[in-house]
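**Student:** Below: one structure in structure tokens.
What follows draws every value from the coordinates through simple rules; no lab data is involved. Bear in mind the structure is a predicted one, so any value in this text is a computation, not a measurement. Neighbour counts are summed over all protein chains in view; Cβ atoms, including those assigned to glycine, are modelled from backbone coordinates with ideal geometry.
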Amino acid sequence: MHAINLQEALRKQRERERINAWKKANRASVNATQRAYRAADPERGRKYDRQAYGRDPEKHKAKNAGWVERNPERKCQLRRESAARHAPENRARAKAWQKANPETVKAHKAAYRARQRSQDRLIETFTHAEIAERDHWTCHLCGGEVTREDWSIDHLVPLSFGGDHTRLNVKIAHTVCNARRGNRDLSYLAAA
Ligand SMILES: [Zn+2]
């Protein structure tokens, strides 16, 4: 029983070697056949790729990294094609995530706006909630209590005067107090 299995294994091994040697000697023909086979059913080809990847992820990761390094522009092209292919579900997923994380979205939008207005200012990303907690939910302009319904981020040195969008340069404030201040220097508070 055991001897037969060994013999069978050896036979298979020799068969594999014979096929590999033939493939090596006929590379162009093999590649053409493979291309035609894949072109006939691209989805099937992708399925086989995924299966092969699953059998030895590390090997395929290394192989892919080498290919990307040799073909940076082709990689960009593939990424664009993939993004276009998956555009509807990607958009839906992004929308759902944004809906589930409104405060993070708000924080990133504020950082984005600040970045748009100057290339060289410092930018941090933080949520209203983080600043409100730090400032004990107290408007730094009028001293009253701030809630989620009327909170806003006030820049001590206004963005329009080159102020940074950093935790150090912001305070929580009422939306109305922030609007009333505009981009004035804080000394108006003493004058009032
Ligand atoms: Zn206020």
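**Student:** What's the extension gain from THR104 to HIS60 if we count 0.36 nm per residue and subtract their Cα-Cα distance?
**Tutor:** 12.3 nm
**Student:** Right, next: Cα centroid distance between region 153-191 and region 38-70, in Å?
**Tutor:** Comparing the Cα centres of region 153-191 and region 38-70, I get a distance of 54 Å.
**Student:** Compute the FRET efficiency between ARG18 and ALA83 as 1/(1 + (r/R0)^6), taking r as their Cβ-Cβ distance and R0 = 41 Å, and round to the nearest 0.05.
**Tutor:** Plugging the Cβ-Cβ distance into 1/(1 + (r/R0)^6) gives 0.40.
**Student:** What dipole magnitude, in Debye to the nearest 20, does region 101-191 give about its Cα centre under +1 on Lys/Arg Cβ and -1 on Asp/Glu Cβ?
**Tutor:** Using Cβ point charges on Lys, Arg, Asp and Glu, region 101-191 gives about 340 debye.
**Student:** In the neighborhood of GLU103, defined by Cβ-to-Cβ distances under 13 Å, what is the net charge if each Lys or Arg adds +1 and each Asp or Glu adds -1?
**Tutor:** +2
**Student:** What full-extension length gain, to one decimal in nm, is calculated for THR33 and TRP97 as 0.36 nm per residue of separation minus the Cα-Cα distance?
**Tutor:** Length gained, THR33 through TRP97: 18.7 nm.
**Student:** What do you get for the angle between helix 87-100 and the principal long axis of the chain? Use alpha-carbon atoms, 0 to 90 degrees, nearest ten.
**Tutor:** The helix 87-100 is inclined about 40 degrees to the chain.
**Student:** Right, something else. Which value in nm describes the separation of the simple spin-label points at ARG50 and SER118, placed 7 Å from the Cα toward the beta carbon?
**Tutor:** 5.0
**Student:** On to the next question. What number, in percent, do you get for the relative contact order of region 101-191 if the mean sequence gap of Cα pairs under 8 Å and at least 6 apart is divided by its residue count?
**Tutor:** Over region 101-191, the number comes to 28 percent.
**Student:** Using bins 5 angstrom wide from zero, how does P(r) for region 101-191 break down, in % of all Cα pairs?
**Tutor:** Spelled out per bin, shortest first, that is 2, 15, 25, 26, 21, 9, 2, 0, 0.
**Student:** How much net charge surrounds LYS24 when only the other residues with a Cβ under 12 Å from the Cβ of LYS24 are counted, with Lys and Arg +1 and Asp and Glu -1?
**Tutor:** In short, +2.
**Student:** Once you list every other residue whose beta carbon is under 10 Å from the beta carbon of GLY162, what net charge do they have if Lys and Arg are +1 and Asp and Glu are -1?
**Tutor:** 0
**Student:** Using unit Cβ charges (K, R positive; D, E negative) and no other charged atoms, how large, in debye to the nearest 20, is the dipole of the chain about its Cα centre?
**Tutor:** 1700
**Student:** Project the alpha carbons of the chain onto their principal axes and report the range along each, largest first, in whole Å.
**Tutor:** So the three principal-axis extents are 99, 41, 28 Å.
**Student:** Report the one residue of ALA62, ALA39, HIS174 whose Cα lies farthest in the direction of the positive end of the charge dipole of the chain (charges on C-beta: Lys and Arg +1, Asp and Glu -1; origin at the Cα centre).
**Tutor:** ALA39
**Student:** Check which residues have an amide H placed less than 5 Å from THR138's amide H, if you skip close sequence neighbours.
**Tutor:** Result for THR138 returns VAL146.
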